[in-house]
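Quick notes on the structure that follows.
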Amino acid sequence: MTRAASRKNPTRIQRAKTEAILGAALEVFATEGFRGATLDQIAEAAGISKPNLLYYFASKEDVHGMLLARLLDTWLDPLRRLDPAGDPQAEIGAYVRRKLEMSRDYPRESRLFAGEILQGAPRIEAMIRGPLRELVDEKARVIRGWARDGRIAPVDPYHLIFSIWAVTQHYADFDVQIRAVLGSDDEARFSDAERFLTHFYARALAP
């Protein structure tokens, strides 16, 4: 929680300043990494003084922690929307599409999360072992039930989810490589990926 926003009734200006700091910090962390980023860089990017930044956040760790907490919540939302009552093929296809949309729309956030994981998740391990694991366990039971009922092919639900994470987030974390190989910055690469991946998983999961 930020210093200013943790007050009972933060003002509109305090809320706006908090958001400006977090937006600037996202750019700095995504570019410099946690170790390379400094409060001075974040303050400069936000257009405020360092003492003003420290009014809102006590440390670089606090800024980074709030960004990651928000990111994890956003990152899990597509999986939350997997509907046990829906058609399994349609639900998994929709999940793939939502994850690709996140890679297209939130590439900096994806790289920030990937960087934290590559460092051993020192600042979000509790969230990974808690809310993330609980949600994955819940949806794994749904997928296992679909397979048991013959509605999709027999599949390890955890590795299915891991594979969707891997292939969709690749389009954010390795975007430079993808654009270099394709020789184009055309946004059509995401729609092309969607067609390929939804077809791929539909074939792989056909009962």
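The values are calculated or read from the model by the stated rules, or taken from the named source; none is laboratory data. Values in this document were obtained by computation on a predicted structure and should not be read as measured data. Neighbour counts run over all protein chains shown; Cβ positions are idealised from the backbone, glycine included. These area figures cover heavy atoms from the full protein model, side chains too; ligands, DNA and RNA do not enter into them. Shrake-Rupley method; radii C 1.70, N 1.55, O 1.52, S 1.80 Å.
Data table
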| read-out | value |
| --- | --- |
| For PHE174: the one exception among (1) surrounded by 14 or more Cβ atoms within 10 Å (Cβ to Cβ); (2) within 17 Å of PRO78 (Cβ to Cβ) | (2) |
| Top-ranked residue in the stretch 132-171 [being under 15 Å from LEU205 (Cβ atoms) and among the basic types (Lys, Arg); ranked as surrounded by the most Cβ atoms within 10 Å (Cβ to Cβ)] | LYS139 |
| Residue within the stretch 35-54 that is at pLDDT below 90 and either hydrophobic (A, V, I, L, M, F, W, C) or over 17 Å from GLY65 (Cβ atoms) (or both) present | no |
| Test result for GLN14, modelled with pLDDT of 90 or more, farther than 23 Å from ILE128 by Cα and not hydrophobic (A, V, I, L, M, F, W, C) | no |
| Listing of helices (runs of 4 or more DSSP H) fully contained in the stretch 126-196 that carry 1 or more residues being out of contact with any Phe, Trp or Tyr (no Cβ under 7 Å at 6 or more places or on another chain) and within 19 Å of GLY93 (Cβ to Cβ) | 133-148, 157-173 |
| Residues (without any contact (Cβ under 8 Å) to a residue 24 or more places away in the chain and either surrounded by 12 or more Cβ atoms within 10 Å (Cβ to Cβ) or of a type outside the set (A, V, I, L, M) (or both)) located in the stretch 118-127 | GLY120, ALA121, PRO122, GLU125 |
| Sole exception among (1) assigned to a helix (DSSP H, G or I); (2) more than 30 Å from ARG148 (Cα to Cα) for ALA58, by number | (1) |
| Close pairs from the stretch 69-94: first farther than 25 Å from ALA204 by Cα and open to solvent by less than 50 Å² (accessible area, probe 1.4 Å), partner outside any helix (DSSP H, G or I) and aliphatic (A, V, I, L, M), Cβ under 9 Å, at least 6 apart | ALA69/ILE124; LEU71/ILE124; LEU72/ILE124 |
